[in-house]
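Chemist: Have a look at this one.
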Amino acid sequence: MEVQRQESLGRWDGLGSSNASSRSEAMESINQEIMSKVEAIGPLSASNLSLTAIGSPHNSDLNDILAHVLMLSKRCPFEDVRERCIRLLKAVEDLGVRIPRPLGNGPSRFIPEKEILQVSKVDTRTQSIFEDAFAALGRLDNISLVMGFHPQYLESFLRTQHYLLQMDGPLSLHYRHYICIMAAARHQCSYLVNLHVNDFLQVGGDSKWLNGLDVAPQKLQQLGEINKILAHRPWLLTKEHIERLLKAEEHSWSLAELIHAVVLLTHYHSLASFTFGCGITPEIHCDGGHTFRPPSLSQYCVCDIANGNGHAIHHDDPFGNQEMCGEVEVLMERMKQLQECRDDEEASQEEMATRFEREKTESMLVVTAEDEECVPSRDISRHFEDPSYGYKDFSRRGEHVPTFRAQDYSWEDHGFSLVNRLYPDVGQMLDEKFQMAYNLTYNTMATHKDVDTSMLRRAIWNYIHCMFGIRYDDYDYGEINQLLDRSFKIYIKTMVCSPEKTTKRMYESFWRQFQHSEKVHVNLLLMEARMQAELLYALRAITCYMT
């Protein structure tokens, strides 16, 4: 059985080769395997078709393999593979077998498919990035396609993620993917959970662990406590939490393993934020990404309405257009005035501290979403403990987030070197990724060119850190209220603190005159600022334990 699985893995892996003849051989092998299965079963009737194909192509189920071929026909960066897959699906259909079709309208529920990079129409650099990603994972996922608006960032992101998941490191491969599942599940992110369930099984993970955290090894179960604290209230993490993991006798973690685990947890908490913030849809070959049902006459699916993918797009609301007219110009004028104020006078340290505390308190009062609590499904909640534990508005209960002064413990002066020492090269990669998101600019705002957006980018980054209690002494937090309006703050807080509650309406209600690529850039900033904030609390706790 294991030999068969390895052979099958090899066939699919061959499609990622840079050598055209190797891809052709792999495709021929897949073609033969599918045709032999089709001939063995004959034409399928609707009654014996499975309507829920899961994305692992490595089992014997024909539907799963056909779903994988469908994904390749749409997403493979190699044109020869896409064309062969299209022809193969047509040949199978001609033999009387029902083939799958994609559900939904592209990689995002929020961004029209025509605006997202098509794998068949990219520049040479992006093509190379897509090919490398496909060769590493056997897929070009929807997250990468949406991040493709910003190829420089995507390259850094994929390099870091590849290193964390697949290169040499303190943790075994199956532990890494299980930790990814635990982290994504905290925010009920079924998209990431499903991807890593498949990856976990591919690298030889024990399927029994997927029945729930309570049947995973004790060592992973012990990680559940810091998973929930980092995801929802990272300021509560202490050196005692670290000590319990490092001194758990036969189930203890080494410092290097713990750093690897913490980086994975924070990476996937923040990636869940990006996933929900961009409305990422299920992968074509995964659950919810395809169907074997024939299309309805109207070509319209009830799930599209439920997902907010109806034809009434918020941007086209004539009253909304009146409201948003001049939004960009107003923002640019405020940036100009703030710059002039900076040049004229500088607030005292006492005044700066007061403004920070005021902004931090106000950020607690921003309501994340009107919805009731999202109750995670059993499929998701089994991967973590204490489902009721989440982000709370502390000020309403008389609590507050303590202030974490960045000059006492910063990423640049403290966190970076600790990560690099215990998990070589990762500190450098994370630093490049943070810098890439923070400094990325095209000097544009909507239709305006030659605009210095650094003030706006800093306000977004520092507002997120402010929500986590992190203060920069040299920053005037009075700028935040000038630059970030209420609808934008609601979106930021929801995406960072309770991403599973992010809606299409929220995405559309902020910066309504801006391009989708600019909103994706905002989401990259939110994701990286959140990851760095979580990391700072975790690394500070580890440093306190070590000293």
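Nothing in this text is a laboratory measurement; each read-out follows from the coordinates by a stated rule. Being a predicted model, the structure only gives us computed values, none of them experimental. For neighbour counting, all protein chains shown are included, and Cβ atoms are generated from backbone atoms with ideal geometry for every residue, glycine included.
Chemist: What spacing in nm lies between the two simple spin-label points modelled at S21 and R87, each 7 Å away from Cα in the Cβ direction?
Modeler: 1.9
Chemist: In the structure displayed, which of K489/K519; K449/K493; K208/K247 lie more than 18 Å apart, Cα to Cα?
Modeler: Pairs exceeding 18 Å: K449/K493; K208/K247.
Chemist: Another question, if that's okay. May I ask you to list the lysines whose Cα is less than 22 Å away from that of K37, ignoring any residue fewer than eight positions away on the same chain?
Modeler: Counting by Cα, and skipping residues close in sequence, K37 has these lysines nearby: K90.
Chemist: Same structure, new question: With +1 on each Lys and Arg Cβ and -1 on each Asp and Glu Cβ, how big is the dipole of the range 178-232 about its Cα centre, in debye rounded to the nearest 20?
Modeler: 80
Chemist: Each label point is 7 Å from the Cα along the Cα-to-Cβ direction; what then is the distance between the points at L173 and R125, in nm?
Modeler: About 3.2 nm, to one decimal.
Chemist: Still on this structure: Please give the peptides 485-496, 284-295 ranked by average Cβ packing (other Cβ atoms within 10 Å per residue), highest first, as a rough proxy for protection.
Modeler: Order by mean packing, descending: 485-496, 284-295.
Chemist: Could you work out how much longer the chain between V215 and S517 gets when fully extended? Use 0.36 nm per residue separation minus the Cα distance between them, nm to one decimal.
Modeler: 104.5 nm
Chemist: Calculated FRET efficiency, M546 and V203, Cβ-Cβ r, R0 35 Å, to nearest 0.05?
Modeler: Between M546 and V203 the formula returns 0.65.
Chemist: Rounded to the nearest 20 Debye, what is the dipole magnitude of the range 116-179 about its Cα centre when Lys and Arg each give +1 and Asp and Glu each give -1 at the C-beta?
Modeler: My answer is approximately 100 debye.
Chemist: Calculate, for R486 and E250, the FRET efficiency according to 1/(1 + (r/R0)^6) with r their C-beta to C-beta distance and R0 35 Å; round to the nearest 0.05.
Modeler: 0.10
Chemist: To the nearest 0.05, what FRET efficiency results for H414 and L236 with a Förster distance of 22 Å applied to their C-beta separation?
Modeler: Working from the Cβ atoms, E equals 0.65.
Chemist: Additional query: How far apart, in nm, are the 7 Å Cα→Cβ label points at Y442 and M35?
Modeler: Placing both labels 7 Å beyond Cα along the Cβ direction yields 4.5 nm.
Chemist: Can you list the lysines whose alpha carbon sits under 19 Å from that of K121, skipping same-chain ones fewer than 8 residues off?
Modeler: K74
Chemist: How do 107-119, 184-196 rank on mean C-beta neighbours within 10 Å, highest first?
Modeler: The peptides rank, most packed first, as 184-196, 107-119.
Chemist: Stretched out fully, how many nm does the piece from A136 to D474 gain, at 0.36 nm a residue minus the Cα gap?
Modeler: 117.5 nm
Chemist: Check I280: other-chain or 5+ apart residues with amide H under 5 Å from its amide H, H built from backbone geometry?
Modeler: Those qualifying (amide H under 5 Å, at least 5 residues apart or on another chain) are R109.
Chemist: Another question about this same structure. Along the range 168-174, what does the Karplus equation 6.51 cos²θ - 1.76 cosθ + 1.60 (θ = phi - 60°) give for ³J(HN,Hα), rounded to whole Hz, x for Gly and Pro?
Modeler: Taking θ as phi minus 60°, the curve returns 4, x, x, 9, 5, 4, 6 Hz for the range 168-174.
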